[in-house]
Each structure stands twice: as structure tokens, then as C-alpha cells.
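The values are calculated or read from the model by the stated rules, or taken from the named source; none is laboratory data. Computed from a predicted structure; not experimentally measured. For neighbour counting, all protein chains shown are included, and Cβ atoms are generated from backbone atoms with ideal geometry for every residue, glycine included. Remember, those area values only see protein heavy atoms, side chains included, never the ligands or the DNA or RNA. Shrake-Rupley method; radii C 1.70, N 1.55, O 1.52, S 1.80 Å.
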Amino acid sequence: MERTARNTIRTRTRTRTRTTKPWLAAAVVATLALPVLAPSATAGTTACAYGYTSQATAWFGADADSGVPNRETRAGCTVMDEIMADAPFATHGRFVRTVSAVTSDLVRERVLTAGERRDVVQAATVSEVGRPHPVTGSRSVDLSAIGLVGYTVRATMPTDAEGTLAALAECGFRNIEPSGSAGNFYGYSAAGLAPLTDAAGLEVPSLGVSLSNLQNDVDLVVAEAHAIGARYVRISGSGSWTLADYSRTAAILNEAGERLSAEGIRVAYHNHGFEFETEEDGVTGYDVLVRETDPAFVTMELDVYWAASTDTAATDLFARYPGRFELLHLKDIAEDGSFADVGAGTIDFAEIFAAAPLAGVRYGFTEHDQPSPDGVTSACTSLGYLAELRY
């Protein structure tokens, strides 16, 4: 693709329709409680609408940040729009050559200085973009970075949190991500839940909160995260959103993320399937969230099941958006599309773990939305698979 070739983003939203499956019911119901965002009059008006935010830097991963402002170039595009137009890149060399050529042009156009070009090329050179990440079968999963999404054990946490947490720890879990909203995690505040997770020997790297919390209760979110030691807070979205809504959500995440960053907390967005199905001319709601959020403050928590439910491979997303996935929800998808324990379905977790350096993964949390025979048994089965996995 030539750098000047752009597809103009039309304002008409085309949402793919899919038959609602029984196992999607819980997620559909959950989205009805989320806030509906007001429509925007300005979205979709330039060739690079829903492009990389100019509020960030030219950034190719946590260890490959150029520090150079992601300036606008022309027609509303940015440096990162120009560089990543051909992503994913087949080889690291091709990526570095692309960055070199694009930034040379931008120096001539006086968008970048020669020194800034050098910094961007250096960041590209040390990045993981385009490097091979093969499955060798010689590596094992670091279980200290694996946890459980509390939603899996939601049936027993309200009535027997102590017993549930102890059982998870006994089978090898070291982390848990409670789901709920600030002030209410299975009937507990984070401060109330913390002594129970401590007693079980479980760390809480991340908390699942609500978008409303980030909009209206940031101080409470900070207090809850500090009370239980969480370094991430994550939210989910709504199946009714348009791309303009995703754009506004990105702005909310950036604002809250900057505020929380000062407290040592990062904001994350957890997907379902609808983010990949709402699109305008090939740009999805998920694209908008990744491109318009600042990686200094916001990361993605990729749910690999929901991505796979729309035929979107996690590894393809890693290649397209390197370094943006510090958290993963690890759950499997059966042949019929239903939920499965990790390792019992069709997702290639060896490939996902092999590509984790490209993705920037810090933690993975196993999950099952409809566990059988119960949440603890399902969780421990998934962890057992990961303990034996070689990638």
C-alpha cells in the first residue's frame, strides 16, 4: 500500500448480524446495564478517522517507546498511522525498513526532526515487531503470572469466599481477578475481600470495575485498588455502541488512565465479541479502542474466547498491535462455539504463549463463563492444562 492511499471512513455504521447463541445470553444481558453514550457529530470525517491518537508517542511496545510525539501529518493522520498502514509485518527487517522510509519522508515534510527520526527508528529496531515467535515445545508456562477471573467462581464467592479462595490456592492458583464494581465484589468491598485473599495466599493484580466507576468514582477506584494491591483495573463495553461510542470510550479511558497512572494503576479494556463485529469500512470498534487509547495509560485485556468467536485470532491481534496486551483472559472455545476449559477446545494456547513477548503480556487469567461441574473444578482443570503445556 502506498502511504498516500487511504480508505475514506464513511459515517454509516455496518454491524454484522449473528444469530444469538444460548451461551451468549449472559453477556447480552450484562450489556443492557451499561451506559449509552451520546452520539458524536464529528466522527468519521477524515481519511484517518479512528486512527492512532496524536496524544501518544510513536510506540512499538513497552520497551520500544521512541518518546517522540505521535504528531499529525496530513488529512488527520499521524506518524503511527503512516508507519502501521501495512501492519502486520512479515519480518522484522521489513518493519524497520518501513519505519526508516516513512520517517525519512516525514523529516522532509518537517513533521519530524532528524533526531526524532533516529529515535523512532531505534525504537523500531529494538522492538519485537515482525520477529519470529515459534512454538518450540521447550518452554513452560510461568504459573506465577497465571490467575483466575473471579467470574468463574461467582456462584460460591458470595456465600463461601474463604473456602473458594482456599480451594483455588490449593490447586495452584497464585492470582485472582475479582469481577464486579468498585465497592462490590461478590458482596465485599476490596478492603473487605483483601484479608481473605491474603489468607489464601492469592495476589490480586487486577480488579474488574465498571465504566461508570471510571467516569464518576475514580477516587473510589483508587482506594479499592490500593486496598487489595491491584495494579490494573479493567472495564467492558456494550454491544449497542457505534464506532463513535468507542471513540468516546477511548477518551474516557485516557482521562481516567492518566489520573490512575499517578497512583501506580493502569486501565485495561476487556472485550467481548461485539467490538470486532461493529465496523465501518473494515475499522472495528476494537481497532478504535486500541488506536485511540494512549499506551502510556491504557492497555488491553484480550479475552481470547470472545475474539475467537468472531474468527479473530489472538496472535493476529498481537502482530497488528504489538505491545498493547498486558492482560489476557484465557478460556477455550469448543467446536460448537460453547465455552470450554482451557485446553479442551480449539484455541492454540502454545501459539499464544509463544507470541506473548510481542503482545507485551504480564498476566493471564483463566476463565469459564459456564463452568461444570462447578467453578473451582473447572478452574483447576484449566490450570492443570497450563501447568503441563509446553510451547
Just name the residue that is most open to solvent (accessible area, probe 1.4 Å) out of those in the stretch 147-174 that are of a type in the set (Val, Ile, Thr) and in contact with a helix residue (DSSP H, G or I) (Cβ under 7 Å, 6 or more places away or on another chain). Thr156
Subset of the stretch 85-100 [open to solvent by less than 30 Å² (accessible area, probe 1.4 Å) and not in a helix (DSSP H, G or I)]: Ala87, Phe89
Starting from the stretch 257-270, keep only residues that are under 17 Å from Ala62 (Cα atoms) and in contact (Cβ under 8 Å) with a residue 60 or more places away in the chain, then list their pairs with residues that are among the hydrophobic types (A, V, I, L, M, F, W, C) and part of a loop (DSSP other than H, G, I, E, B) whose Cβ atoms are within a distance under 8 Å, requiring at least 6 positions of separation or different chains. Arg266/Phe297
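For (1) of a type in the set (Phe, Trp, Tyr); (2) outside any loop (DSSP other than H, G, I, E, B); (3) open to solvent by 10 Å² or more (accessible area, probe 1.4 Å); (4) touching a His at 6+ places or on another chain (Cβ under 9 Å), each residue gets a yes or a no:
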site: Leu328; (1), (2), (3), (4): no, yes, no, no
site: Thr346; (1), (2), (3), (4): no, no, yes, no
site: Phe353; (1), (2), (3), (4): yes, yes, yes, no
site: Leu358; (1), (2), (3), (4): no, yes, yes, yes
site: Val361; (1), (2), (3), (4): no, no, yes, no
site: Gln370; (1), (2), (3), (4): no, no, yes, no
site: Ser378; (1), (2), (3), (4): no, yes, no, yes
site: Gly384; (1), (2), (3), (4): no, yes, yes, no
site: Ala387; (1), (2), (3), (4): no, yes, yes, no
Taking first residues from the stretch 163-190 that are within 16 Å of Ala225 (Cα to Cα) and assigned to a loop (DSSP other than H, G, I, E, B) and second residues anywhere that are aromatic (Phe, Trp, Tyr) and open to solvent by less than 40 Å² (accessible area, probe 1.4 Å), the pairs with Cβ under 9 Å that are 6 or more apart or on different chains are Pro178/Phe185; Pro178/Tyr186; Gly180/Tyr186
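So that you can scan it fast, the table gives a plain yes or no per residue for (1) among the basic types (Lys, Arg); (2) open to solvent by 30 Å² or more (accessible area, probe 1.4 Å); (3) part of a loop (DSSP other than H, G, I, E, B); (4) within 25 Å of Tyr363 (Cβ to Cβ):
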{"position": "His226", "(1), (2), (3), (4)": "no, yes, no, yes"}
{"position": "Ala250", "(1), (2), (3), (4)": "no, no, no, yes"}
{"position": "Glu258", "(1), (2), (3), (4)": "no, yes, no, yes"}
{"position": "Glu263", "(1), (2), (3), (4)": "no, yes, yes, yes"}
Qualifying positions in the stretch 300-336 - in contact (Cβ under 8 Å) with a residue 40 or more places away in the chain and touching a Lys or Arg at 6+ places or on another chain (Cβ under 6 Å): Glu301, Tyr305, Glu326
Selected residue [within 22 Å of the chain's Cα centre (by Cα), open to solvent by less than 70 Å² (accessible area, probe 1.4 Å) and within 25 Å of Leu289 (Cα to Cα)] from Ser181, Ser144: Ser181
Index of the failed condition, Glu280 passing every other in (1) surrounded by fewer than 19 Cβ atoms within 10 Å (Cβ to Cβ); (2) more than 16 Å from the chain's Cα centre (by Cα): (1)
Anything in the stretch 117-141 that is open to solvent by 80 Å² or more (accessible area, probe 1.4 Å), in contact with a helix residue (DSSP H, G or I) (Cβ under 8 Å, 6 or more places away or on another chain) and without any contact (Cβ under 8 Å) to a residue 24 or more places away in the chain? List them, or say none. none
Of the numbered conditions (1) at negative phi; (2) open to solvent by less than 50 Å² (accessible area, probe 1.4 Å), Pro69 satisfies every one except a single condition; which is it? (2)
I'm trying to understand the selection: among the residues of the stretch 280-313, which are at pLDDT below 95 and among the acidic types (Asp, Glu)? Glu280, Asp281
I need a count of the residues in the stretch 79-116 that are touching a helix residue (DSSP H, G or I) at 6+ places or on another chain (Cβ under 9 Å) and free of Cβ contacts under 8 Å to residues at least 12 places away in the same chain. 3
